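Working notes for the structure below.
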Amino acid sequence: MAPRRSARVAPRGPDPDPPAPASPEGDGSAPDALPVAEDDPLALPPHGAAVRLDGLPAAASVAQVAAFAERAGPVHSVALEAAVEGAASAAARVTFASVAGAAAAVAALAGGALPDFPAAPTRVRVTPPSPDHRLFVGGLDRGLALADLEAAARAACGVRGLEAVELVTSKDAPTSNRGFGFLNFYNGAAAAAALGPLAALTLGGRPVTVSLAAVKPPPPPESRHRPARGARRARDGAGGRVERGRARSGLRPSRRRRPGRPPPPPRPPHPAGLRVRVL
């Protein structure tokens, strides 16, 4: 896999200030990627303002992708992902200045093509990227309260942009937790800045485990085919009874005797020596 240059660009628009002089180390030409200040995570766009663009031409530059994405709204930054060597398409993460721009990108950019590549073999696909603003906190004491976790997280050195704290509780004992929780931040930059301070956090004399929360994949769609013979089939509903044996479509009732129902009376035997002849 050949590494592909990843850069960020500043949003385009009219600039009332005069252009800055060229750097003495360069040749004076305009760069295709302008640096964006990221010292303050709260100055960056919030989470939900980014989209993932697939199906881009492999030869597309950062400036070309940014010009294409500006159809949906002002673009804050563009980051090209690494492309497979010899592949005809690439992907990029586009961060808009607001959440509204990312919402409008689904209708404005899906199925389109870059102006400089009208004959591209593939069309652009727009999907939400993996969330990076959510942190997983594990190794918690089962008796830790939500208020204690929130107070410890907010008191951690350098933690900024913390929006919500979640503590997963047990279904059997609502007063106790399951030993882990989640921290939701303003954006991915704020979550990345909090990883270091939170990694040194101790609660109840025990260190905690902090990492980026993994994304749970969506469940597979239900199959319309009838399950095979001997498959395990669970009934839907409050009972939740599981049956084994030949799977049916569910139209026929089960032949098994329900618990609590008496067995049917036995048939009376035929009299001894009685023969029945059918004419």
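The values are calculated or read from the model by the stated rules, or taken from the named source; none is laboratory data. On a predicted model such as this, the values are computed, not experimentally measured, just so you know. Cβ placement follows ideal geometry from the backbone for every residue including glycine, while neighbour counts extend to all protein chains displayed.
Please verify whether residue 188 is surrounded by 13 or more Cβ atoms within 10 Å (Cβ to Cβ) and under 28 Å from residue 56 (Cα atoms), treating the condition exactly as stated.
Yes; evaluated as a whole, the condition is true for this residue.
Out of (1) touching a strand residue (DSSP E or B) at 6+ places or on another chain (Cβ under 9 Å); (2) within 30 Å of residue 165 (Cα to Cα), the odd one out for residue 99 is which?
It is condition (1) that residue 99 fails.
Of all residues in segment 194-208, how many are closer than 29 Å to residue 45 by Cβ, small (Gly, Ala, Ser) and surrounded by fewer than 20 Cβ atoms within 10 Å (Cβ to Cβ)?
Counting residues in segment 194-208 that are closer than 29 Å to residue 45 by Cβ, small (Gly, Ala, Ser) and surrounded by fewer than 20 Cβ atoms within 10 Å (Cβ to Cβ) gives 3.
Residues in segment 59-75 that are surrounded by fewer than 18 Cβ atoms within 10 Å (Cβ to Cβ) and either of a type in the set (Phe, Trp, Tyr) or modelled with pLDDT under 90 (or both): how many?
Count: 1.
Read through the list (1) touching a Lys or Arg at 6+ places or on another chain (Cβ under 6 Å); (2) surrounded by 15 or more Cβ atoms within 10 Å (Cβ to Cβ); (3) part of a loop (DSSP other than H, G, I, E, B), then give the number of the only condition that residue 79 fails.
(3)
Filtering segment 143-188 down to residues that are among the charged types (D, E, K, R) and outside any loop (DSSP other than H, G, I, E, B), which residue is nearest to residue 45 (Cα to Cα)?
Per the criteria, the residue is 163.
Within segment 179-192, is even one residue within 30 Å of residue 93 (Cα to Cα), among the aliphatic types (A, V, I, L, M) and at pLDDT below 85?
No - not one qualifying residue is present in segment 179-192.
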